[in-house]
2 protein chains.
Amino acid sequence: MSSTFPPAPSDKKELEASGAFTPKFDAHGLVTAVITDIKDGELLMVAHMNAQALTLTLETGIAHYYSRSRDKIWKKGETSGNLQTVQEIRVDCDQDAIWLKVSVAGHDATCHTGRRSCFYRTVSLQDGKAVTTITDDTRHFDPEETYGSQPGKE
Amino acid sequence: MSSTFPPAPSDKKELEASGAFTPKFDAHGLVTAVITDIKDGELLMVAHMNAQALTLTLETGIAHYYSRSRDKIWKKGETSGNLQTVQEIRVDCDQDAIWLKVSVAGHDATCHTGRRSCFYRTVSLQDGKAVTTITDDTRHFDPEETYGSQPGKE
C-alpha cells in the first residue's frame with residue numbers, strides 16, 4: 001500500500017460507518033495513538049503516528065510511531081527489544097484517534113523508565129494542590145544499561 | 001485551587017518522579033486525555049483538556065474536557081446524562097497525557113453514536129487497502145432523540 005490515505009468523506013454518517021479508513025491527521029500530520037496490552041487491557045502509552053508510521057504498522061504488524069522530539073519515525077522497542085506486535089487496530093468515531101492492542105516483547109515493559117506502563121503515577125488533590133504519586137515502581141529493565149547515553153524515550 | 005499549574009521542572013528525573021503535577025500543555029494549551037471504564041478497562045474515548053477542564057475535573061470529580069470543534073469547556077454527558085465520575089487519574093512519564101478511569105452514568109454509553117465506546121470499528125488491510133469494520137453496533141440510546149438537532153459529539 002502507499003503511505004497516503006483517502007480524504008475523509010464530507011458526510012459525517014459515512015465517516016462513522018464501515019468503509020474506507022480515512023485517518024484525520026492534525027495540522028502536524030499526526031493522529032493520537034493509544035496503546036493497550038492485549039493480555040489484560042492495561043494502558044501502556046500514548047503516542048503519535050503520521051501516515052508513514054501508520055502504513056508501516058499496518059504492513060509489518062509491528063508498532064511504529066512518529067517521534068515529535070526526534071522528528072522521525074520511531075520503531076518502538078528497536079533499542080530495548082520491547083517491540084510491540086499489533087494484535088488489533090481500532091479507530092474512533094471521527095477517525096482522529098487510533099487504538100492499538102499489542103503484545104509486548106522483551107522485558108514486557110513499555111516506559112523508558114523501565115516500568116511496564118508510562119502511566120505509573122496517580123494524580124490527586126492534596127491541600128488544594130494537584131500532586132503525583134508513584135503507584136508502580138517495578139523496573140523491568142535498567143534504562144541506563146539499555147539506552148546508555150541515548151536521550152529521551154525509546 | 002486555581003486553574004494554573006506549576007511549570008514543568010527542567011530536570012527530567014524530577015518530572016518523572018512523585019511531586020508536583022505539572023501537565024505539559026501543547027501549543028493550543030491542551031493535553032490528551034484517555035478515558036477507560038473502571039469496571040473492565042474498556043477504552044471509551046480520547047479527548048483533550050485545557051487547564052480549566054483539568055481543574056474542574058479535579059475539583060468536581062466529574063470529567064470535563066475542552067471541545068476543539070465548539071471551542072469551549074465540555075462537561076461530558078451534560079445533554080445525554082452519560083456523565084463520567086472520575087475514579088482515578090493517572091499521568092504519563094512526561095506529563096503530556098492523562099488517563100481517567102471513570103464510571104459512566106445514564107445509558108452506560110460514551111459515543112455520540114449511541115455506542116458504548118467511540119472505538120467501535122477495527123481497521124485492517126484488505127487487498128492492500130485499509131478499511132474499517134464495525135465490531136460493536138449496539139446502540140444504548142438514540143442519538144437523534146437525545147441530541148435533537150445539536151450537532152457533533154456530546
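The values are calculated or read from the model by the stated rules, or taken from the named source; none is laboratory data. Here the structure is a predicted model, which is why all the values come from computation and not from measurement. Because the Cβ atoms are built from the backbone with ideal geometry, glycine has one as well, and the counts that use them run over all protein chains shown. These area figures cover heavy atoms from the full protein model, side chains too; ligands, DNA and RNA do not enter into them. Shrake-Rupley method; radii C 1.70, N 1.55, O 1.52, S 1.80 Å.
So, in the stretch A:16-43, how many residues would count as being more than 9 Å from chain B (Cβ to nearest Cβ) and either open to solvent by less than 30 Å² (accessible area, probe 1.4 Å) or within 13 Å of A:I98 (Cβ to Cβ) (or both)? Don't jump to the end; show me each part of the working.
As a first pass, look at the stretch A:16-43 and keep what is more than 9 Å from chain B (Cβ to nearest Cβ): A:24-31, A:33, A:35, A:37-39.
When the remaining residues are screened for being either open to solvent by less than 30 Å² (accessible area, probe 1.4 Å) or within 13 Å of A:I98 (Cβ to Cβ) (or both), the result is A:24-26, A:29-31, A:33, A:35, A:37.
Qualifying residue count for the region: 9.
Which one is nearest to the other protein chains (Cβ to nearest Cβ), of the residues in the stretch A:4-15 that are within 24 Å of the chain's Cα centre (by Cα), part of a loop (DSSP other than H, G, I, E, B) and surrounded by 13 or more Cβ atoms within 10 Å (Cβ to Cβ)?
For the stretch A:4-15, the residue satisfying everything is A:F5.
Would you mention how many residues in the stretch A:96-115 are surrounded by 15 or more Cβ atoms within 10 Å (Cβ to Cβ) and in contact with a strand residue (DSSP E or B) (Cβ under 8 Å, 6 or more places away or on another chain)?
Restricting attention to the stretch A:96-115, the residues satisfying the condition of being surrounded by 15 or more Cβ atoms within 10 Å (Cβ to Cβ) are A:96-102, A:104, A:106-107, A:109-115.
Then drop every residue that is not in contact with a strand residue (DSSP E or B) (Cβ under 8 Å, 6 or more places away or on another chain), which leaves A:96-102, A:104, A:110-111.
So the answer is 10.
In this structure, is A:I73 of a type in the set (V, I, T), more than 12 Å from the chain's Cα centre (by Cα) and under 26 Å from B:T36 (Cα atoms)? Can you show your working first?
Numbers: of a type in the set (V, I, T): yes; more than 12 Å from the chain's Cα centre (by Cα): yes; under 26 Å from B:T36 (Cα atoms): no.
Answer is no for this residue.
Under the condition of being surrounded by fewer than 17 Cβ atoms within 10 Å (Cβ to Cβ) and in contact (Cβ under 8 Å) with a residue 12 or more places away in the chain, which residue from the stretch B:57-66 is nearest to B:H112 (Cα to Cα)? Write out each step before concluding.
Step one: filter the stretch B:57-66 for residues surrounded by fewer than 17 Cβ atoms within 10 Å (Cβ to Cβ), giving B:59-61.
Filter once more, keeping what is in contact (Cβ under 8 Å) with a residue 12 or more places away in the chain: B:59, B:61.
Numbers: B:E59: 25, B:G61: 22 Å.
Ranking the candidates gives B:G61 first.
Consider the stretch A:116-139. How many of its residues are open to solvent by less than 30 Å² (accessible area, probe 1.4 Å), in a strand (DSSP E or B) and not β-branched (V, I, T)?
Residues flagged as open to solvent by less than 30 Å² (accessible area, probe 1.4 Å), in a strand (DSSP E or B) and not β-branched (V, I, T) within the stretch A:116-139 amount to 2.
From the list A:T60, A:T32, A:T36, A:T55, which one is closer than 17 Å to A:C93 by Cα, among the hydroxyl-bearing types (S, T, Y) and at pLDDT 95 or above?
Details: A:T60 fails: closer than 17 Å to A:C93 by Cα; A:T36 fails: closer than 17 Å to A:C93 by Cα; A:T55 fails: closer than 17 Å to A:C93 by Cα.
Just one listed residue meets the conditions, A:T32.
Of the residues A:K129, A:K72, which single one is over 17 Å from A:V46 (Cα atoms) and free of Cβ contacts under 8 Å to residues at least 24 places away in the same chain?
Values: A:K72 fails: over 17 Å from A:V46 (Cα atoms).
From the options A:K129, A:K72, the qualifying one is A:K129.
For the stretch A:140-152, how many residues are touching a Lys or Arg at 6+ places or on another chain (Cβ under 9 Å) and either at pLDDT below 95 or not in a loop (DSSP other than H, G, I, E, B) (or both)?
Looking only at the stretch A:140-152, we keep the residues that are touching a Lys or Arg at 6+ places or on another chain (Cβ under 9 Å), and these are A:140, A:151-152.
Next, from what is left, pick out any that are either at pLDDT below 95 or not in a loop (DSSP other than H, G, I, E, B) (or both): A:151-152.
Qualifying residue count, the stretch A:140-152: 2.
Return the residue satisfying two criteria in turn: it lies in the stretch B:44-53 and is within 19 Å of A:A130 (Cβ to Cβ) and out of contact with any Leu (no Cβ under 8 Å at 6 or more places or on another chain), and of such residues it is surrounded by the fewest Cβ atoms within 10 Å (Cβ to Cβ).
In the first step, residues of the stretch B:44-53 are kept if they are within 19 Å of A:A130 (Cβ to Cβ); the result is B:47-53.
From what is left, the residues that are out of contact with any Leu (no Cβ under 8 Å at 6 or more places or on another chain) are B:47, B:51-53.
Details: B:A47: 26, B:A51: 17, B:Q52: 15, B:A53: 26.
This residue is B:Q52.
If I filter the stretch B:82-94 down to residues being surrounded by fewer than 23 Cβ atoms within 10 Å (Cβ to Cβ) and touching a Leu at 6+ places or on another chain (Cβ under 7 Å), which single residue comes out as nearest to the other protein chains (Cβ to nearest Cβ)?
Among those that are surrounded by fewer than 23 Cβ atoms within 10 Å (Cβ to Cβ) and touching a Leu at 6+ places or on another chain (Cβ under 7 Å), it is B:D94.
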